[in-house]
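Below is one structure, written out as structure tokens, with a few remarks after it.
The values are calculated or read from the model by the stated rules, or taken from the named source; none is laboratory data. Note that the structure is predicted; figures quoted are calculated from it, not measured. So basically every Cβ, Gly included, is an ideal-geometry build from the backbone, and we count neighbours across all protein chains shown. Each accessible area value is taken on the protein alone, full model and side chains, heavy atoms only, with ligands, DNA and RNA left out. Shrake-Rupley method; radii C 1.70, N 1.55, O 1.52, S 1.80 Å.
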Amino acid sequence: MEVIRAEYKGKICTLHVGGMKRQTVSCGGHTSPPFLSTPYQRPLLALEVYDVILPDQNQYLKKIWSAEDFISRIKKAESYSPDVLCLRFISASPDVNIAAEGQPAELLIQAKAVTDLPLIITGCGDNTKDEEMLPLLSDEMKDENVLLGVATEENYRMLAVSCSVNDHSLIAETPLDLSLAKQLNILIQNMGLPVERIVMHHATAALGYGLEYCYSILEKSRLAALEGDHMLSSVMLNFVGQESWKTREAQKSEQLGINWETVTALAYIEGGADIIVLDHPECLIRLRALLDQWT
Amino acid sequence: MMTGLQIYNQLPKTNCRKCGFPTCLAFAMAISQRRVSPDNCPDISSEAEKLLSEAMRPPMNKIKFGLKHNEMEIGGEEVLYRHERTFYHQPALALLLSDTVSLEELKDAIETIRDMDFELLGEIFKIDMLAIKNDSRNPDIFSECAHLARDFPLLLISEDIDSVRKARSVLKDQIPIILGDSSEEWIEFAHNADSVLVIRGSSLDELAQKSKQVQSHHFNNIILYPEVKNIKEALVTFSSSREMAIKSNCQSLGFPLLGRAGKDLVIAAHFICKYAGIIILETTDYEELLTLMTLRFNIYSDPRKPLMMEPKLYEIGKPGENSPVLVTTNFALTYHMVHSEIVTSHVPCFLLITASDGLSVLSAWAADKFSSEIITKSIKNSRIEDKVSHRKIIIPGCVASLKMKLETESGWEALIGPGDAPMIPQFLKAHWV
Ligand code: B12
Ligand code: SF4
């Protein structure tokens, strides 16, 4: 029997993260829906390290990550060999009033010296603050090809220019709407950063908390790109850890939290995500075991 | 499947309206969306009717099994991606039990499974079915186990037809599924014994061939089981099978698929997303099952209509004139999360639900569907002002910016609640009791 499958004329961009003396990894480049072409470029699994541990952080994550300072946490994360390390500078947020061990830029100088993993560097989520802080961090990492974020409709200009001059890539976030995503990609491209260097974040919801909307938007986004919409052909990322550990289930038991994060991640991988940012090392281990069989 | 225009070309094109539609084209569109059947047009030629019915036949058969009068259905799917319409029949999760354990142990295991409740958005779900495996290879033991588990829809796994025969004979009140062999003897048995037969094959070719052969015996009650070596093969085989059935109208593959996830949560989750109709699981771990049930609930929810609550005033516990008043949107998920935390707090409350198109708090706020006007209107319409003596309303923490305007418009004081529902009990204790 001849198996007839849909053929696609579009292609997803290939994204590289890392460079210079830093390790380099890549993702994307697909010409078919998730995992259906061979060989298939597997998604990247990132582990997230926060510059400060917030008091309302999930208790089980606290147990894993809080006993040590930022640099020790980075070393610990590195010991699990994630594909990418995600450094999150949350202390800059106006809502956070615990001081980090130093200014973000100072912390980053120390951090980059202790690890040669490719890096994702994210801010605190406050548009104004991030617009100020992220360009400084971007300068600090010049030519090391990090993935910076998160840019929104409000603050993309500075961030796009900064990534463009320092040769980084940028995460662009829009709330589950392909026309908004496309529009932001176009705006960023107009600032000099091509779609190949943009990573779309179509919002992330945890399992049981609106996951189905995000799952479907990923599928739609990927299909639109494969059908030829070049402005949507950027790779896609989901912040799975952050959302999963906020849930009621993840407050109840660590194992349930791990299940929640793992299965949320799996759903987004099925939907077409190319980069998954995780918070619990056990999830990294389980997903890697799966991807090893898969690709 | 045919497009609206192709269907239109088969119709009389007189626009006589006898079908209840203003034009033949409108009727054709309705057929293509499966809202009406072609024979609603009295003037359609018999060839055209035959052609259309054949073309509009669902690309995947629906299979019924389980307890009589309470049958389960799987299959009947029409799309590859849920956003194209919806997925209709969620995969059945079958927990695997072996017939080599003692009857006592089996009884306990069944009781434990029976007692498991999974609450999702206020609705209680149970484990769908059990799979019993004839490891003993003994027909008597196998049938005794089947008899013990007979209140559950059953999947009987055995390579020994005598065992299956015997087990089938003690299951009067259900249509079981049989996973054994697919030779003539088994087909005939399943056919006569009103059972569903699982057809196994190591490639799509083999499955398609066997399926054709079974159907030539006028037996359609089958499920296909691609015996794959690993997850990668599973993905390719399951996806190809679904795509062939739906896009190429390949009738031999137009049946639900069975996947074996073993003890692996992640593979089970994969099968939920990608196209299994039945998943055999070797776990009775509550937390794993809850995770899978939630994923299935999400993926099989209908994207065409978000689950909504009726916008009105809800009383939780027995609230009185001094009880707290909270407000949120009518998205079912939001409502249930807030509701369950209020219940946990043991503080009787009034919960005011606004008409916000079934959107979550921030989505509704961003779309101007959870504005100070809308909240004020809900306050007035709900008559909450007659029920409480105070004028304080707790709003979700993530929309703190509504406070000023809401206070001016409604005359109520707005208390900014926590951003996350799990903090509500603590908040109520600190600010109210
Ligand atoms: C799923 C989703 C959607 C779905 C809608 C699903 C639905 N039925 O609501 C869709 C795709 C339709 C959607 C659309 C939009 N969305 Co939307 N969406 C989300 C997403 C991913 C999850 C939302 C969700 O389901 N949350 C779960 C529910 C339970 O949360 P909740 O209602 O807030 O309730 C919690 C708390 O608020 C609290 N709580 C609730 N009620 C109460 C009451 C009291 C008294 C208290 C104390 C606490 C409390 O408890 C709950 C549990 O903790 C979020 C991002 C995210 N990860 O959260 C974005 C998000 C909410 N969306 C956003 C936006 C902007 C939109 C759009 C305007 C985009 C657009 N232009 O189209 C539209 C608006 C709707 C429209 N015009 O149709 C933004 C809002 C940003 C902002 N701050 O304004 C978000 C945050 C994404 C982002 N980061 O940009 N969205
Ligand atoms: S009844 Fe038949 S002929 Fe008349 S309008 Fe409807 S489709 Fe056309």
Top-ranked residue in the stretch B:291-318 [being in contact with a Leu (Cβ under 9 Å, 6 or more places away or on another chain) and part of a loop (DSSP other than H, G, I, E, B); ranked as nearest to the other protein chains (Cβ to nearest Cβ)]: B:S301
- line: Taking the stretch B:319-356 and keeping only residues that are assigned to a loop (DSSP other than H, G, I, E, B) and either more than 10 Å from ligand 1 (Cβ to nearest atom) or within 14 Å of chain A (Cβ to nearest Cβ) (or both), one is left with B:P319, B:G320, B:E321, B:N322, B:S323, B:T329, B:H346, B:V347, B:P348, B:T354, B:A355
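Of the residues B:T291, B:T328, B:T283, which is of a type in the set (S, T, N, Q) and more than 30 Å from A:L36 (Cβ to Cβ)? Steps first, please.
Numbers: B:T291 fails: more than 30 Å from A:L36 (Cβ to Cβ); B:T283 fails: more than 30 Å from A:L36 (Cβ to Cβ).
Going through B:T291, B:T328, B:T283 in turn, the sole match is B:T328.
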message: When the residues of the stretch A:14-45 are narrowed to those that are within 16 Å of the chain's Cα centre (by Cα) and among the hydrophobic types (A, V, I, L, M, F, W, C), which ends up nearest to the other protein chains (Cβ to nearest Cβ)?
response: A:L45
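Just checking, which of A:Q251, A:Q255 is open to solvent by 20 Å² or more (accessible area, probe 1.4 Å), of a type in the set (S, T, N, Q) and in contact with a Pro (Cβ under 7 Å, 6 or more places away or on another chain)? Steps first, please.
Values: A:Q255 fails: in contact with a Pro (Cβ under 7 Å, 6 or more places away or on another chain).
Just a single option satisfies the conditions, and that option is A:Q251.
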query: If the Cβ limit is 7 Å and pairs must be 6+ apart or interchain, which residue in the stretch B:4-23 that is more than 14 Å from B:S53 (Cα to Cα) pairs with which residue that is aromatic (F, W, Y) and surrounded by 13 or more Cβ atoms within 10 Å (Cβ to Cβ)?
result: B:C19/B:F27; B:F21/B:F27
field: Scope the stretch A:150-180; condition open to solvent by less than 70 Å² (accessible area, probe 1.4 Å), within 17 Å of A:L232 (Cβ to Cβ) and near ligand 1 (Cβ under 9 Å from one of its atoms); matching residues
entry: A:E173, A:T174, A:L176, A:D177, A:L180
field: Of residues in the stretch B:1-21 being more than 34 Å from the chain's Cα centre (by Cα) and within 8 Å of ligand 2 (Cβ to nearest atom), the one nearest to the other protein chains (Cβ to nearest Cβ)
entry: B:L11
Filter result (open to solvent by less than 10 Å² (accessible area, probe 1.4 Å) and not polar (S, T, N, Q)) within the stretch B:327-340: B:V327, B:A332
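Please find, within the stretch B:267-290, the residue that is nearest to the other protein chains (Cβ to nearest Cβ) out of those that are of a type outside the set (A, V, I, L, M, F, W, C) and crowded, with 24+ Cβ neighbours inside 10 Å. Give the derivation first.
As a first pass, look at the stretch B:267-290 and keep what is of a type outside the set (A, V, I, L, M, F, W, C): B:270, B:274-275, B:277, B:282-288.
Applying the additional criterion that residues be crowded, with 24+ Cβ neighbours inside 10 Å yields B:270, B:275, B:277.
Working: B:H270: 6, B:Y275: 11, B:G277: 17 Å.
Only one residue fits best here, namely B:H270.
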- request: Kindly indicate which of B:L67, B:L80, B:L52 is more than 16 Å from ligand 1 (Cβ to nearest atom), in contact with a strand residue (DSSP E or B) (Cβ under 7 Å, 6 or more places away or on another chain) and among the hydrophobic types (A, V, I, L, M, F, W, C).
  value: B:L67
query: List, please: which pairs have Cβ atoms under 8 Å, are six or more places apart or on different chains, and start with a residue in the stretch B:410-427 that is in the same structural domain as B:S360 (by TED's automatic domain parsing) and over 16 Å from A:K246 (Cβ atoms) and end with one that is among the hydroxyl-bearing types (S, T, Y) and open to solvent by 20 Å² or more (accessible area, probe 1.4 Å)?
result: B:P425/B:T344
query: Does A:L36 count as buried (at least 22 other Cβ atoms within 10 Å of the Cβ) and either at pLDDT 95 or above or closer than 23 Å to A:A289 by Cα (or both)?
result: no
task: For the stretch B:39-56, state whether one or more residues are touching a residue at least 40 places away in the same chain (Cβ under 8 Å), farther than 30 Å from B:R168 by Cα and open to solvent by 60 Å² or more (accessible area, probe 1.4 Å).
output: yes
field: Residue match in the stretch A:226-240 (condition: within 11 Å of another protein chain (Cβ to nearest Cβ) and under 24 Å from B:Y81 (Cβ atoms))
entry: no
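Just to be sure I understand, how many residues within the stretch B:204-229 are within 14 Å of chain A (Cβ to nearest Cβ) and open to solvent by 50 Å² or more (accessible area, probe 1.4 Å)?
Of the residues in the stretch B:204-229, 7 are within 14 Å of chain A (Cβ to nearest Cβ) and open to solvent by 50 Å² or more (accessible area, probe 1.4 Å).
Taking the stretch A:74-115 as the region of interest, how many residues are outside any loop (DSSP other than H, G, I, E, B) and open to solvent by 10 Å² or more (accessible area, probe 1.4 Å)? Let's see the steps before the verdict.
Here is the first cut: in the stretch A:74-115, the residues outside any loop (DSSP other than H, G, I, E, B) are A:74-79, A:84-88, A:90-92, A:104-114.
Among the residues that remain, those that are also open to solvent by 10 Å² or more (accessible area, probe 1.4 Å) are: A:75-76, A:78-79, A:88, A:90-92, A:104-106, A:109-110, A:112-114.
Count: 16.
Residues checked against (1) outside the structural domain of B:P139 (by TED's automatic domain parsing); (2) out of contact with any Phe, Trp or Tyr (no Cβ under 7 Å at 6 or more places or on another chain); (3) buried (at least 22 other Cβ atoms within 10 Å of the Cβ):
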{"residue": "B:L155", "(1), (2), (3)": "no, yes, yes"}
{"residue": "B:S158", "(1), (2), (3)": "no, no, yes"}
{"residue": "B:D162", "(1), (2), (3)": "no, yes, no"}
{"residue": "B:A167", "(1), (2), (3)": "no, no, yes"}
{"residue": "B:D173", "(1), (2), (3)": "no, yes, no"}
{"residue": "B:I178", "(1), (2), (3)": "no, yes, yes"}
{"residue": "B:S183", "(1), (2), (3)": "no, yes, no"}
{"residue": "B:W186", "(1), (2), (3)": "no, yes, no"}
{"residue": "B:F189", "(1), (2), (3)": "no, yes, no"}
task: Considering only the stretch A:178-204, state which residues are under 21 Å from B:H83 (Cα atoms) and free of Cβ contacts under 8 Å to residues at least 12 places away in the same chain.
output: A:S179
